[in-house]
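Trainee: I am attaching a structure below and will ask some questions about it afterwards.
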Ligand code: ARG
């Protein structure tokens, strides 16, 4: 078989070694950029034509040829040949094979260095929007679940020990907040992504009269990049994108960890739908939360990609280096993994029930009302530090007597601290305490009802 001709074979004395062909190629993974590569090429050709570097007829041939190639790829009829190294050369060579000399003009004033940076930015712009849409669906699933459980109370934990009672909605909306920051982070990332490096050429720009603003405008970029050396080597946006995906994954793995624990026989707070569990090949009784375990497990891959991209960028000399080709493996892997995890999380959230009776049956365990009792004493004029000590010793006594604070008689309360009066009992017990929270955005049913409405409105506007 004859090796395809590359223009640099006039410079290099030999065809590329077959081991090197396999080693250097990125076509196997960058072919997923083909649409962006073709769109970028069409914009470049339009600009070349406006600048009279190619004729209208050549532009027409280039456009038609590229569109045909795009259809062939979409229909799986394109023969990808790895000797062309990457999607850029595969498309360009197919164009030359189709239309001849006009095709040979497409690469005027362009290098694969600015081309790949442009393709990747175009791809990432869309990818960010896709992930944002998925985040919104997940947020909506959380809000829907929160709405069901606004008036139900559960323990909140610090140090994984019972802390204070909260509306179940407060717990669920905590994820909506986290995901909202994830959404905003991606929005910010998109601002940095949405700049056009095309026309930076290999590293210095070109002596041809290219109109960079024109291609940027045709491709919907907000502006051009302003330093050609930086333009071909900047992959900060890739690192930032993977970081943003990693934070989402960290949030989802917290959810997974919570719900794996909540679904144990020991906790028994939630029921995860059978459709999202697996069983054991040996133990017939098992309902295992494998999907949640995998959401938690896949965060390892995201963090690995983040470490990889940072290491890739560290200590490269200025300008384009082939190391940068590896960026796409990590960027694609991060995008695919986070998409799958957000989708899976949304489906699970949509199909999970909180076992409110079980949760409220155990709500008086663990002295969730102790802080509220100390605050009751503060309202009666006692300094908080003193109140903290008084309640601490009451709790220690109750623990010995196997009692809750609400089960202490008024006489015993008074013996312990004389300013405690009959009205104490409305400040005790999980439900009373949760409804007594008065600070802005505190975890009470009343405030969570408002927040559910807030989020419903916000998310409907996206
Ligand atoms: N496949 C390369 C990449 O992904 C394209 C740029 C190659 N440029 C070069 N001068 N060898 O980075």
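Trainee: Output needed: percent of Cα pairs per 10 Å distance bin for the range 209-333, bins running from 0 to the one holding the longest distance.
Mentor: Here the calculated profile for the range 209-333 is 11, 27, 23, 17, 12, 8, 2, 0.
Trainee: When only C-alpha pairs under 8 Å and at least 6 residues apart count, what is the relative contact order of the range 124-233, in percent? Intermediate results must be reported in sequence, preceding the final value.
Mentor: Working: 119 pairs, mean separation 24.5, N = 110.
The normalised contact order for the range 124-233 reaches 22 percent.
Trainee: Angle, helix 168-193 long axis vs. longest principal axis of the chain, Cα atoms, 0 to 90°, nearest 10?
Mentor: 20 degrees
Trainee: What percent do you get for the relative contact order of the chain when only Cα pairs under 8 Å and 6+ apart count? Intermediate values should be presented prior to the final figure.
Mentor: Numbers: 616 pairs, mean separation 76.1, N = 462.
Once divided by the residue count of the chain, the mean separation gives 16 percent.
Trainee: How much length is gained if the chain between residue 227 and residue 440 is pulled fully straight, taking 0.36 nm per residue apart and subtracting their Cα-Cα distance, in nm to one decimal? Each step should come with its number before you reach the end.
Mentor: Working: separation 213, 0.36 × 213 = 76.68 nm, distance 4.73 nm.
Answer, rounded to one decimal: 71.9 nm.
Trainee: Could the peptides 117-123, 17-23 be put in order, highest first, of the mean number of other beta-carbon atoms found within 10 Å of their residues?
Mentor: The most tightly packed comes first, giving 117-123, 17-23.
Trainee: Nearest 10 degrees is fine. How inclined is helix 112-148 to the longest principal axis of the chain, computing both from alpha carbons?
Mentor: On a 0 to 90 degree scale, this one is about 20.
Trainee: So, R0 is 51 Å and r is the distance between the beta-carbons of residue 51 and residue 254; what FRET efficiency does that work out to, to 0.05? If you can, show how the numbers build up before the last one.
Mentor: Numbers: r = 53 Å, r/R0 = 1.04.
Computed FRET efficiency for residue 51 and residue 254: 0.45.
Trainee: Here is a further query. In 10 Å bins starting at zero, report the fraction of Cα pairs in the range 306-462 per bin as a rounded %.
Mentor: The distribution over the range 306-462 is 8, 23, 19, 14, 15, 12, 7, 2, 0, given as percents.
Trainee: For the chain, what does the helix formula give at 222 nm: sum of -39500 (n - 2.57) over DSSP H segments with n ≥ 4, over the residue count, nearest 500 deg cm²/dmol? Display every interim value, and only then the final one.
Mentor: Working: 19 runs with 279 residues, N = 462.
Helices in the chain give a 222 nm mean residue ellipticity of -19500 deg cm²/dmol.
Trainee: Note down the Stokes-Einstein diffusion coefficient of the chain in µm²/s, whole number, using a Kirkwood radius over alpha carbon pairs, 20 °C, and 1.002 mPa s.
Mentor: On the way: Rh = 26.5 Å.
For these conditions, the coefficient is 81 µm²/s.
Trainee: Could you calculate the FRET efficiency of residue 357 with residue 126 from 1/(1 + (r/R0)^6), where r is the beta carbon distance between them and R0 is 51 Å, rounded to 0.05? Could you put the intermediate results ahead of the total?
Mentor: Values: r = 46 Å, r/R0 = 0.90.
E between residue 357 and residue 126, to the nearest 0.05, is 0.65.
Trainee: Same structure, new question: Using 1/(1 + (r/R0)^6) with R0 = 45 angstrom and r between the beta carbons of residue 60 and residue 147, what's the FRET efficiency to the nearest 0.05? Each step should come with its number before you reach the end.
Mentor: Details: r = 57 Å, r/R0 = 1.26.
Computed FRET efficiency for residue 60 and residue 147 comes out at 0.20.
Trainee: Also, I was wondering about something else. Relative to the present Cα-Cα distance, how much length would full extension add between residue 181 and residue 380 at 0.36 nm per residue of separation?
Mentor: Gain on extension, residue 181 to residue 380, equals 67.6 nm.
Trainee: Okay, next question. Taking the chain as the reference, fit the longest principal axis to its C-alpha atoms, fit the long axis of helix 236-262 to the helix C-alpha atoms, and give the angle between the two in degrees, 0 to 90, nearest 10.
Mentor: Approximately 30 degrees, to the nearest 10.
Trainee: Mind giving me the nanometre distance, one decimal, between the label points for residue 202 and residue 350, set 7 Å out from Cα along Cα→Cβ?
Mentor: 5.2 nm
Trainee: Sticking with this one: Once you place label points 7 Å from the Cα toward the Cβ at residue 458 and residue 293, how far apart are they in nm?
Mentor: It is 3.5 nm.
Trainee: Stokes-Einstein D for the range 119-264 at 10 °C, 1.306 mPa s, Kirkwood Rh over Cα pairs, in µm²/s? All intermediate terms of the calculation are to be shown ahead of the outcome.
Mentor: On the way: Rh = 18.1 Å.
Using the Kirkwood radius from Cα pairs, D works out to 88 µm²/s.
Trainee: Checking the a/c ratio against 1.5 first, then a/b against b/c, what shape does the Cα gyration tensor give for the range 63-194? Intermediate values should be presented prior to the final figure.
Mentor: Values: a/c = 4.27, a/b = 3.35, b/c = 1.28.
Taking the square roots of the gyration eigenvalues as a ≥ b ≥ c, the range 63-194 is prolate.
Trainee: Compute the length gained on full extension between residue 22 and residue 75: take 0.36 nm times their separation in residues and subtract their Cα-Cα distance, giving the result in nm to one decimal.
Mentor: Details: separation 53, 0.36 × 53 = 19.08 nm, distance 2.52 nm.
Taking 0.36 nm per residue and subtracting the Cα distance, the gain is 16.6 nm.
Readers should treat all values here as calculations from the given coordinates under stated rules, not as data from a laboratory. It should be emphasised that the depicted structure is a prediction, and the values quoted were computed from it without experimental measurement. For neighbour counting, all protein chains shown are included, and Cβ atoms are generated from backbone atoms with ideal geometry for every residue, glycine included.
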